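Peer 1: The structure follows.
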Amino acid sequence: LSAGDQTLVVVGAGPAGVMAAIEGSRWGLNVTVVDEQARIGGQYYRTRADSPADGSPRHLTAAAQATEARVNTTVFDAPATGTLRTWSPDRGALDVPYDRLVLATGAYERAVALPGWTLPGVMTAGGMHALAKNQRVVPGRRVIVAGAGPFLLEAADALASRGCQVVVVDATRLRDALSGLPALARVPKLLVQAAGYFARLARRRVAIRYGELVTAIHGDDAVEEVTVARVDRHWRPIPGTARRLKVDAVCLGFGFVPHLDLAQLIGCNVEYHDEDAGFAVATDPFMRTTVAGVYAAGETIGIAGVGAARLTGRLAGLAAAFDAGLVPGAEFARQSARIRLQIGRYRRVAEWMRKTYRPRRGLWELAVDETMACRCEDVTIGDLRSALELTSPSPVDLKTLTRAGMGPCQGRICSPFIIEWLRSGQNFVVPPHHLPWSIRPPVRPVPLEAWLDHPRG
Ligand SMILES: Cc1cc2nc3c(=O)[nH]c(=O)nc-3n(C[C@H](O)[C@H](O)[C@H](O)COP(=O)(O)OP(=O)(O)OC[C@H]3O[C@@H](n4cnc5c(N)ncnc54)[C@H](O)[C@@H]3O)c2cc1C
């Protein structure tokens, strides 16, 4: 292969994937971007379709004409080194070969199993935000937005601006939330954004209560009330502080967890980070994973916001082009140093956010025996406890005995919770460099025909 014939496939067309594609094509790689969504843009640009900013769909169109973008296309398998298997309604199942691959598959919302979390009317903050902003649908008149982190403010703003009566409860203590001001001041854009939310929420009389947690959700067929309590620094309810509030809907936001399935299927190391209560794809400083020719960028390597996603994406594209022999060494050194300096500024904010808003032990202790742990397979906390009488406290053994994590989501929703529940109450020690269960294709739900088109040998 001459250098210019080399292909770069980018999985994920959010800001990280778009920047990786633009950078790769700028240096002469033949780039294909694949995304399962109907449009380019990922999480951030879904509600900002006309933005011309870096990493946006408009930026991709303007800057990387030589790039092929395949939307509605799900990567569901990696059957051999250098090959991905995709499925789309138009093309059916296809094998997509690559010389270099950037995984920019983003993150998804962390689900927390607390009493009542599966009742109709309970949603994640991102889901409710998307409904309110994109479809102009609100889930009820009185909504409680609960969890931890600045994303609660964005969700509350979207709901309040559509006429909901909103109360925000953030389990973080106010003094911890304020401790981030010096880090935020280094990225003035973020400071201005935060100030804007506080001002708009104050104008709409949205109460924001720090150091409080929804400890249980009540209702027969749908949400009717929540119990809210003050919590200590471990997020354990303080006795005597619980009170009930009548609500029509509950919006839970306990942060995001990276998509890891494809990375692990390909054989990339993932690393457990205590401060995130979760895993992320491991990379070197230039976004190379532990598998040669495979890079990772954006929230797949850790939750750090859109600014960091754009920059890590760009660095991954640059490193892929450099490794393909398309970028002179001195140019790579100069450009990568500049990008890494910028990433550092965002990372400092991200580190503070992780430390401040990290879910604490008390959160994993709220579930009772009747609480659903795996909603795909209807496995309750009581079922897990019974299984623990027969087996060791490890997610893979519990999966075998109870089927927790074997449903259509393949454990994406329940496993981050089950791992933390086992860690906090059952002395489970997380392996530092790989997920404590194996990943099998299909990593995303696809029609049976996708599978039958390509029987595995
Ligand atoms: C409602 C909302 C508001 C936000 N607001 C802000 C904000 O104000 N400031 C901020 O800094 N951050 C914000 N964020 C976070 C921000 O969106 C993320 O930091 C950013 O989108 C991460 O970019 P990414 O490219 O890593 O991932 P994403 O944008 O999540 O893109 C990943 C893409 O990969 C695709 N994908 C994943 N797996 C597959 C597969 N197997 N096959 C095919 N495609 C796949 C997905 O469809 C997705 O389009 C917000 C997030 C949400 C949900």
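Peer 1: Could you give the radius of gyration (one decimal) and Dmax (whole number) of the Cα atoms in segment 201-254, in Å?
Peer 2: Reported Rg and Dmax, both Å: 12.3, 35.
Peer 1: Amide H neighbours of residue 70 under 5 Å, counting only residues 5+ apart in sequence or on other chains, H built in-plane at 1.01 Å?
Peer 2: Amide H neighbours of residue 70, under 5 Å, 5+ apart: 33, 34, 35.
Peer 1: If you don't mind, there's one more thing I want to ask. Net charge near residue 130: determine it from the other residues with C-beta under 15 Å of the C-beta of residue 130, scoring Lys and Arg +1 and Asp and Glu -1.
Peer 2: After counting each charged neighbour, the total is +3.
Peer 1: Starting from 0.36 nm per residue, how many nanometres of slack lie between residue 337 and residue 47 once their C-alpha separation is accounted for?
Peer 2: Stretched out fully, the residue 337 to residue 47 stretch lengthens by 101.2 nm.
Peer 1: Relative to the longest principal Cα axis of the chain, at what angle does helix 329-357 sit, 0 to 90 degrees, rounded to 10?
Peer 2: 10
Peer 1: D for segment 87-137, whole µm²/s, Stokes-Einstein with Kirkwood Rh over alpha-carbon pairs at 20 °C and 1.002 mPa s: what number?
Peer 2: So the translational diffusion coefficient is about 142 µm²/s.
Peer 1: Which value in deg cm²/dmol, rounded to the nearest 500, describes the helix-derived mean residue ellipticity at 222 nm for the chain, given -39,500 (n - 2.57) per DSSP H run of n ≥ 4 and division by the residue count?
Peer 2: Value at 222 nm, helices only, nearest 500: -10000 deg cm²/dmol.
Peer 1: May I ask you to sort 370, 351 by Cβ crowding, counting other Cβ atoms within 10 Å and putting the fewest first?
Peer 2: 370, 351
Peer 1: A follow-up question, please. Which whole-Hz ³J(HN,Hα) couplings does segment 294-309 yield from phi under the Karplus relation 6.51 cos²θ - 1.76 cosθ + 1.60, θ = phi - 60°, glycine and proline marked x?
Peer 2: Calculated HN-Hα couplings, in order: 10, 10, 9, 8, x, 6, 4, 9, x, 7, 8, x, 5, x, 5, 4 Hz.
Peer 1: Whole number please: convex hull volume per residue, Cα atoms of segment 1-100, in Å³.
Peer 2: Working: hull volume 9.1 nm³, N = 100.
Value for segment 1-100: 91 Å³ per residue.
Peer 1: I would also like to ask the following. Taking amide H positions as placed in the peptide plane 1.01 Å from N, state which residues far from residue 365 in sequence (5 or more) or on other chains have amide H under 5 Å from it.
Peer 2: Under 5 Å from the amide H of residue 365: no residue qualifies.
Peer 1: Rg and Dmax in Å for segment 14-164, alpha carbons only: what are they?
Peer 2: In order Rg, Dmax, the Cα atoms of segment 14-164 give 18.5, 54 Å.
Peer 1: Looking at the chain, which Cys residues are left with no other cysteine's beta carbon under 4.7 Å from theirs?
Peer 2: 164, 251, 268, 376, 409 - these cysteines have no disulfide-compatible partner (Cβ-Cβ under 4.7 Å) in the chain.
Peer 1: Quick one: pull the percentage of alpha-carbon pairs in segment 128-184 with a separation above 18 Å.
Peer 2: 37
Peer 1: Continuing with the same structure: Dividing the Cα convex hull volume of segment 150-249 by residue count, how many Å³ per residue is that?
Peer 2: Considering the Cα atoms of segment 150-249, their hull volume per residue is 107 Å³.
Peer 1: In units of 2.2 N^0.38 Å, what is the alpha-carbon radius of gyration of segment 201-348?
Peer 2: Cα Rg divided by the expected 2.2 N^0.38 Å: 1.48.
Peer 1: Tell me, in nm to one decimal, what length is gained between residue 193 and residue 275 on full extension, where the rule is 0.36 nm per residue of separation less the Cα-Cα distance?
Peer 2: Values: separation 82, 0.36 × 82 = 29.52 nm, distance 2.47 nm.
Contour length minus Cα-Cα distance gives 27.1 nm.
Peer 1: Round to the nearest 0.05 the FRET efficiency obtained for residue 440 and residue 72 when R0 = 22 Å and r is the Cβ-Cβ distance.
Peer 2: Once the sixth-power term is evaluated, E becomes 0.40.
Peer 1: Taking θ = phi - 60°, what integer Hz values does the Karplus form 6.51 cos²θ - 1.76 cosθ + 1.60 yield along segment 152-166, in sequence order, with x for Gly and Pro?
Peer 2: Running phi through 6.51 cos²θ - 1.76 cosθ + 1.60 with θ = phi - 60° gives 4, 5, 5, 5, 4, 4, 4, 6, 5, 6, 9, x, 6, 8, 10 Hz.
Peer 1: Which percent of Cα pairs goes in each bin when the distances of the chain are cut into 10 angstrom slices starting at zero?
Peer 2: Whole-percent P(r) values from 0 Å outward: 4, 20, 30, 27, 15, 4, 0, 0.
Peer 1: Order these by the 10 Å Cβ neighbour count, fewest first: 197, 98, 357. Could the numbers behind the result be given before it?
Peer 2: Details: 197 17, 98 21, 357 24.
Ascending number of Cβ neighbours within 10 Å: 197, 98, 357.
Peer 1: Across 5 Å bins from the origin, how do the percents of Cα pairs in segment 281-436 run, short distances first?
Peer 2: So the P(r) values, bin by bin, are 2, 8, 14, 15, 13, 12, 11, 10, 7, 5, 2, 1, 0.
Peer 1: Next question. Given Cα positions, please report Rg to Rh for segment 103-218, the hydrodynamic radius being the Kirkwood one.
Peer 2: Values: Rg = 14.7 Å, Rh = 15.2 Å.
Reported Rg/Rh, Kirkwood definition of Rh: 0.97.
Peer 1: Next up: Once the mean 1/r over all distinct Cα pairs of segment 1-44 is inverted, what Kirkwood radius in angstroms do you read off? Don't skip to the answer; put the middle values down first.
Peer 2: Numbers: mean 1/r = 0.0933 Å⁻¹.
By the Kirkwood definition, the hydrodynamic radius is 10.7 Å.
Peer 1: Turning to a different aspect of this structure: Highest mean first, how do 379-391, 159-171 rank when packing is the count of other Cβ atoms within 10 Å averaged over residues?
Peer 2: 159-171, 379-391
Peer 1: Determine, from the Cβ-Cβ distance of residue 389 and residue 429 and an R0 of 25 Å, the FRET efficiency 1/(1 + (r/R0)^6), rounded to the nearest 0.05. Write down the numbers at each step before the final one.
Peer 2: Numbers: r = 20 Å, r/R0 = 0.80.
Given R0 = 25 Å and the Cβ-Cβ separation, E is 0.80.
Peer 1: Going by how many other Cβ atoms sit within 10 Å of their own, how do 251, 376, 268, 414 line up, fewest first?
Peer 2: 376, 268, 414, 251
Peer 1: Could you go through segment 29-41 in sequence order and give the Karplus-derived ³J(HN,Hα) for each residue, using 6.51 cos²θ - 1.76 cosθ + 1.60 with θ = phi - 60°, rounded to whole Hz, and x for Gly and Pro?
Peer 2: Listing the rounded values in order: 6, 7, 10, 10, 9, 10, 9, 6, 6, 6, 9, 5, x Hz.
Read-outs: derived from the displayed coordinates by stated rules, not from any lab. The shown structure was predicted, so the numbers you read here are calculated from the model rather than taken from an experiment. Ideal geometry is used to build each Cβ from the backbone, glycine not excepted, and the neighbour counts take in all protein chains shown.
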